[in-house]
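Trainee: This structure is in structure tokens; I'll ask about it shortly.
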Amino acid sequence: MFHYEVEKDFFDKNQTHYWLTQGDSCAIISTPKDSEGNIISPSQISLVKFKIVEECSNKILFEKQMPLYSTNKYMFSFLPSESAELEIGRYNYEIEYTLSDGGVNTPNQWKFEIIPQGVTEV
């Protein structure tokens with residue numbers, strides 16, 4: 001199962017909270033924008049990474065490059081084998097854009113939860 005909800009972060013900015021069943025796959029598509037909401041052109045970006053980090057320590061547990069998917073959109077694909085390696089729990093994620101001029105932009109940072117298999121509602 002893959003589920004997401006838009007929530008407000010600590011700065012009152014919309015962020016996406018993700019839930020993924022351990023061992024399942026998902027795809028996340030992101031459009032890079034600057035602080036004013038303008039789309040950043042792929043010609044201004046040298047690298048895009050999706051990272052999963054421990055909630056308390058910010059230790060990177062997983063990272064993967066996000067290739068250009070379509071015009072101004074990048075896609076992260078979480079494979080079943082990759083999500084199976086993470087323990088069940090709550091993490092933080094970030095989408096990191098490294099700009100061609102060397103700057104780094106991480107506009108998308110929030111919560112990512114790995115949930116157990118076989119959960120059913122009562």
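Trainee: Pick out the one residue from GLY23, GLY103, GLY118 that is in contact with a helix residue (DSSP H, G or I) (Cβ under 8 Å, 6 or more places away or on another chain) and more than 20 Å from GLU7 (Cβ to Cβ).
Mentor: Within the list GLY23, GLY103, GLY118, the selection yields GLY23.
Trainee: Residues THR98, THR16: which one is buried (at least 16 other Cβ atoms within 10 Å of the Cβ), in contact with a strand residue (DSSP E or B) (Cβ under 7 Å, 6 or more places away or on another chain) and touching a residue at least 40 places away in the same chain (Cβ under 8 Å)?
Mentor: THR16
Trainee: Within the range 66-122, take every residue that is in a loop (DSSP other than H, G, I, E, B) and polar (S, T, N, Q) and give me the one that is farthest from the chain's Cα centre (by Cα).
Mentor: Among those that are in a loop (DSSP other than H, G, I, E, B) and polar (S, T, N, Q), it is THR120.
The rows are residues; the columns are (1) of a type outside the set (Lys, Arg); (2) surrounded by 12 or more Cβ atoms within 10 Å (Cβ to Cβ); (3) within 19 Å of ASP9 (Cα to Cα); (4) modelled with pLDDT of 95 or more.
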| position | (1), (2), (3), (4) |
| --- | --- |
| GLN22 | yes, yes, no, yes |
| ALA27 | yes, no, no, yes |
| VAL48 | yes, yes, no, yes |
| PHE62 | yes, yes, no, yes |
| SER77 | yes, yes, no, yes |
| ASN108 | yes, yes, yes, no |
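Trainee: Right, here's the next one. ASP24 - would you say it is part of a loop (DSSP other than H, G, I, E, B) and touching a residue at least 40 places away in the same chain (Cβ under 8 Å)?
Mentor: So ASP24 fits the description; yes.
The values are calculated or read from the model by the stated rules, or taken from the named source; none is laboratory data. Here the structure is a predicted model, which is why all the values come from computation and not from measurement. All Cβ positions, glycine included, derive from the backbone under ideal geometry; neighbour counts span all protein chains shown.
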